[in-house]
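Report on the structure given below.
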Number of protein chains: 2
Amino acid sequence: MIQTPYYLIDADRLRQNMAVVDRLRQASGAKALLALKCFATWPAFEHMRDHMDGTTSSSLYELRLGREKFGKETHAYSVAWPDHEIDEAVGYADKIIFNSTGQLARFRDRTGGIARGLRLNPGLSTSGFDLADPARPFSRLGEWSAEKIEAVLPDISGVMIHYNCENADVDLFERQLSEIEGRFGAILDRLDWVSLGGGIHFTGEGYPVDRLAARLKAFAAAHGVQVYLEPGEAAITRSATLEVTVLDLLDNGKQLAIVDSSVEAHMLDLLIYRQSAKVEPDAGDHSYMVCGKSCLAGDIFGEFRFAEPLKVGDRLSIADAAGYTMVKKNWFNGVKMPSIVIREPDGSLRVAREFGYGDYASSLG
Amino acid sequence: MIQTPYYLIDADRLRQNMAVVDRLRQASGAKALLALKCFATWPAFEHMRDHMDGTTSSSLYELRLGREKFGKETHAYSVAWPDHEIDEAVGYADKIIFNSTGQLARFRDRTGGIARGLRLNPGLSTSGFDLADPARPFSRLGEWSAEKIEAVLPDISGVMIHYNCENADVDLFERQLSEIEGRFGAILDRLDWVSLGGGIHFTGEGYPVDRLAARLKAFAAAHGVQVYLEPGEAAITRSATLEVTVLDLLDNGKQLAIVDSSVEAHMLDLLIYRQSAKVEPDAGDHSYMVCGKSCLAGDIFGEFRFAEPLKVGDRLSIADAAGYTMVKKNWFNGVKMPSIVIREPDGSLRVAREFGYGDYASSLG
């Protein structure tokens, strides 16, 4: 039995998402690029590569990973490029997307060999979190002004507009896209491609994929552009768990189960956004607060119900642990970093990476 | 010039803190153990080793790092030990401190060769953050019940009581310690050692070190115990900066400066506790919101004043970047991980660690 903690990526689950991605690409004509900022666990790419058109990135290292480990079309975006990275970035990228007209001007002469784009900030967002809202006041993410964008149209062939966040509401998507067309239509008409970014939860249960596809197809036709989507969470949703073991049980007014992982170290977004993890089926007569083993008082996965009383040594699965977890795991408290394990389509488990003391020590010197 | 971003640890500043640690140790008789959960950058240990008595830890890996890289006395605490780590832990530790009587019972027979302790939760705290408050409702951190602790006194020689958090108020410290003596005095009298944990901000400017020392000395004498302190932040406060470079400047209603770092990736606690970074002297006529380069909308270091307008290429120092930064840095967005650089007492800069693409890729597979 593989030692916990480990992230367990289920190739079959991944392929279920990929089937929806395929359906959307075919019906809409849009291309789908994996957003590496959400999921960059490259040993799983072999289960995704045939169903997506490439990757998009937020930094030089993500860009290079996309180029070398995923291949196909490779988009390079960064909030800001330093001078010393730009030539290397051009070497990996099919398209480079600047965050500001200032960056575009600075690097125009060094990026002539590939397609260039600009991030457009439409002033809209579906995020319920201020922290994650690209339309927040004074946001640095993209150019807001249609005038400034029009002035640089000769230097770009497309724009990236990332404004959705776990948006499962296709009515809202359609309404906001129409708003964007209303305000920026004259720009869109003069472009070759438009990326609508990520954050559309089209692999969710019951999502009307065909309606989304039709809307994207109409958008592409209306403006004469190739549409790109950049799914992150949608591509990998519900495809991984974090496998942990109960190490201790306490009764401190509630029943507490301490497991061999840590929210802050291994599922950081739960802490940042103060959300509960998911454990399934979360049913039964025995309720426990499942806690991590770091020194942080608030290292708590959540409160869940179980059919039987928990015992030391029991294994638990924290659900939905693929997105924004492995990409930001860290060595807080020196808690053992979870291995990365893939359940292959034939049911076998492949340990893609284990982390040990040497990795921990070398993170600090 | 060393490429940014990098953490710059100043050995002279570290030695200023160490001088206070020495003074406290000498005047109080207390021993001081570095809390590795806060700072474990071992290339800097040579500037600390002669002024502290050893290390304390929160996991097997921290424990081993303390033993191998710092040496001297080595305390092993963990919220929960798994069975398969306990023998190795005993091999590194001088004392092992359990978080619960359950863990103590489970591992009593395998830890007979070293001193054993228990974490006592006094139900008090100085933390203003619920997340970091070990006395929060249902806290899993330590045993709350004097009765349960009394029952296991034959199996332990000491307790660890960690309840302070950046406590710069010596009156509050004295009052709370007296409260603890009132409630747990009968237990303390039967022990050989008591660790009062970390969180006492005794290296802060104007802190009455001698008064703290006298109180600790009286406490030790009253109960016949060796007192330990476990400074983390106090040991390294104000000894490091995060050195960054301005990559882009935007005017989006405010003046924004984007730098080649990220709060989430490199100074995570600012994000978790929603605090502003510090830039010194933070004075002048030109105000900027300094932002990171990750895709996170809220990746903001804070708003600071500067004497001159900023230009692309300017270097900025984010102050007070030693504690809880390097130990939890991560590869979010693939943003280049800051190098670790030490300014030696002779003024020379020593690059102790650089991180590259290989480190990033190998964090994921």
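Restricting to segment A:35-68, count the residues that are of a type outside the set (Phe, Trp, Tyr) and more than 25 Å from A:ARG119 (Cα to Cα).
Residues flagged as of a type outside the set (Phe, Trp, Tyr) and more than 25 Å from A:ARG119 (Cα to Cα) within segment A:35-68 amount to 9.
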Q) Quick one: in segment A:346-362, which of the residues that are within 8 Å of chain B (Cβ to nearest Cβ) and within 24 Å of the chain's Cα centre (by Cα) is surrounded by the most Cβ atoms within 10 Å (Cβ to Cβ)? A) A:ARG353
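Looking at segment A:29-39, can you tell me whether even one residue there is within 11 Å of chain B (Cβ to nearest Cβ), touching a residue at least 12 places away in the same chain (Cβ under 8 Å) and either assigned to a helix (DSSP H, G or I) or more than 22 Å from A:LEU268 (Cβ to Cβ) (or both)?
Checked against the condition, which is being within 11 Å of chain B (Cβ to nearest Cβ), touching a residue at least 12 places away in the same chain (Cβ under 8 Å) and either assigned to a helix (DSSP H, G or I) or more than 22 Å from A:LEU268 (Cβ to Cβ) (or both), segment A:29-39 yields no hits at all.
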Q. Taking segment A:235-267, which residues are under 18 Å from the mean Cα position of the chain (by Cα), among the small types (Gly, Ala, Ser) and outside any loop (DSSP other than H, G, I, E, B)?
A. A:ALA235, A:ALA240, A:ALA265
Q: Among the numbered conditions (1) facing chain B (nearest Cβ under 8 Å); (2) under 21 Å from B:ASN333 (Cβ atoms); (3) β-branched (Val, Ile, Thr), tell me where A:ILE258 comes up short.
A: (2)
(Q) Considering only segment A:167-189, I want to know if a residue exists there that is closer than 23 Å to A:ASP22 by Cβ, surrounded by 20 or more Cβ atoms within 10 Å (Cβ to Cβ) and touching a His at 6+ places or on another chain (Cβ under 7 Å). (A) yes
(Q) Name the residue that is surrounded by the fewest Cβ atoms within 10 Å (Cβ to Cβ), counting only residues in segment B:89-99 that are away from every other protein chain (no Cβ under 11 Å) and in contact (Cβ under 8 Å) with a residue 40 or more places away in the chain. (A) B:ASP94
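Across segment B:284-316, what is the number of residues that are part of a loop (DSSP other than H, G, I, E, B), hydrophobic (A, V, I, L, M, F, W, C) and within 13 Å of chain A (Cβ to nearest Cβ)?
Number satisfying all stated conditions: 5.
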Q) Is there a residue in segment A:293-310 that is in contact with a Lys or Arg (Cβ under 7 Å, 6 or more places away or on another chain), without any contact (Cβ under 8 Å) to a residue 60 or more places away in the chain and surrounded by fewer than 17 Cβ atoms within 10 Å (Cβ to Cβ)? A) no
**Q.** Unmet requirement for B:HIS162, which otherwise passes all of (1) within 14 Å of another protein chain (Cβ to nearest Cβ); (2) more than 19 Å from B:GLN226 (Cα to Cα); (3) at pLDDT 95 or above
**A.** (2)
Q) Which numbered condition trips up A:ARG353, out of (1) at positive phi; (2) modelled with pLDDT of 95 or more? A) (1)
Q. Which one of B:ILE86, B:ILE156 is within 19 Å of B:VAL194 (Cα to Cα), in contact (Cβ under 8 Å) with a residue 24 or more places away in the chain and either surrounded by 22 or more Cβ atoms within 10 Å (Cβ to Cβ) or of a type outside the set (Ser, Thr, Tyr) (or both)?
A. B:ILE156
Q | Enumeration of residues in segment B:317-365 that are among the hydroxyl-bearing types (Ser, Thr, Tyr) and within 18 Å of A:SER362 (Cα to Cα) | A | B:TYR324, B:THR325, B:SER339, B:TYR357, B:TYR360, B:SER362, B:SER363
Q) Could you count how many residues in segment B:88-102 are part of a helix (DSSP H, G or I) and more than 21 Å from B:LEU188 (Cβ to Cβ)? A) 6
Q: Kindly indicate whether any position in segment A:127-147 is farther than 20 Å from B:VAL263 by Cβ, away from chain B (no Cβ under 13 Å) and surrounded by fewer than 22 Cβ atoms within 10 Å (Cβ to Cβ).
A: yes
Q | Which listed residue is more than 14 Å from every other protein chain (Cβ to nearest Cβ) and free of Cβ contacts under 8 Å to residues at least 12 places away in the same chain, from A:GLY117, A:GLY182 | A | A:GLY182
Q) Which residues, counting only those in segment B:53-87, are in a strand (DSSP E or B) and facing chain A (nearest Cβ under 10 Å)? A) B:SER57, B:TYR77
(Q) Here's a check for you: in segment A:317-340, which residue that is hydrophobic (A, V, I, L, M, F, W, C) and within 11 Å of chain B (Cβ to nearest Cβ) is farthest from the chain's Cα centre (by Cα)? (A) A:VAL335
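The values are calculated or read from the model by the stated rules, or taken from the named source; none is laboratory data. Nothing here was measured: the structure is a model prediction, and the numbers come from that model. Using ideal geometry, Cβ is built from the backbone for each residue, glycine included, and neighbour counts are taken over all protein chains shown.
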